[in-house]
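Trainee: Structure in structure tokens, see below.
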Amino acid sequence: MLKNQTGWSDFLTTINQITFILLLLCALAGPAQEYAKGEKPFKVITYSVEVLTSAIAGVIVNLLLRVTDLPEEWIGAFTGIGSFFGVRMMSVLYQLFMGRIKLLFGHKDKE
């Protein structure tokens, strides 16, 4: 009889599950940081949008890193970081994008 052995693919599946759980936890914890510090009042809608944005950022980081030769553990770690700081990353990317568009069309801010 052949015994059912745990193979490398099972280990990678476990790492993928841990990465997914880490992504969710970091997406929940990142936006909650400002509310826990009392920097701004808690609003369910705002928090929900920030969690969704953080989760999307984490998924984007995960997908981008999947095409590299990084080990799965590093991909999981960077995915967690990406989802923890997701709202901030998206804000920075938005500002860069809008700055480029303003330069492209010669828009000047009124002072």
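Just so you know, all these numbers are worked out from the coordinates, no wet-lab data involved. From a predicted model like this one, the values you see are computed outputs, not experimental measurements. No Cβ is skipped: glycine too gets one built from the backbone with ideal geometry, and neighbour counts run over all protein chains shown.
Trainee: Quick one: grab the alpha carbon gyration tensor of the stretch 18-81, order the square roots of its eigenvalues as a ≥ b ≥ c, and give me rounded if a/c is under 1.5, else prolate or oblate depending on whether a/b is larger than b/c.
Mentor: On the way: a/c = 3.30, a/b = 2.48, b/c = 1.33.
Since a/c reaches 1.5 and a/b is larger than b/c, the shape of the stretch 18-81 is classed as prolate.
Trainee: Let me ask you something else. Please give me, ordered by residue number, the chymotrypsin sites (Phe, Trp or Tyr not before Pro) of the stretch 41-111 that lie in loop per DSSP and have at most 13 other Cβ atoms within 10 Å. The partial results should precede the final answer.
Mentor: Details: sites: Phe42, Tyr47, Trp74, Phe78, Phe84, Phe85, Tyr94, Phe97, Phe105; in loops: Phe42, Phe85.
Filter output for the stretch 41-111: Phe42.
Trainee: Another one. Distance between the C-alpha centers of the stretch 13-47 and the stretch 84-104? Whole Å please.
Mentor: 21
Trainee: Could you work out how much longer the chain between Ile45 and Lys102 gets when fully extended? Use 0.36 nm per residue separation minus the Cα distance between them, nm to one decimal. Display every interim value, and only then the final one.
Mentor: Numbers: separation 57, 0.36 × 57 = 20.52 nm, distance 2.98 nm.
Stretched fully, the Ile45-Lys102 segment lengthens by 17.5 nm.
Trainee: What trypsin sites (Lys or Arg not before Pro) does the stretch 50-111 have in DSSP loop regions with at most 14 other beta carbons within 10 Å?
Mentor: Sparse-neighbourhood loop trypsin sites (Lys or Arg not before Pro): Lys108, Lys110.
Trainee: Treating the beta-carbon of each Lys and Arg as +1 and of each Asp and Glu as -1, no other charges, what is the dipole magnitude of the stretch 28-111 about its Cα centre, to the nearest 20 debye?
Mentor: For this selection, approximately 420 debye.
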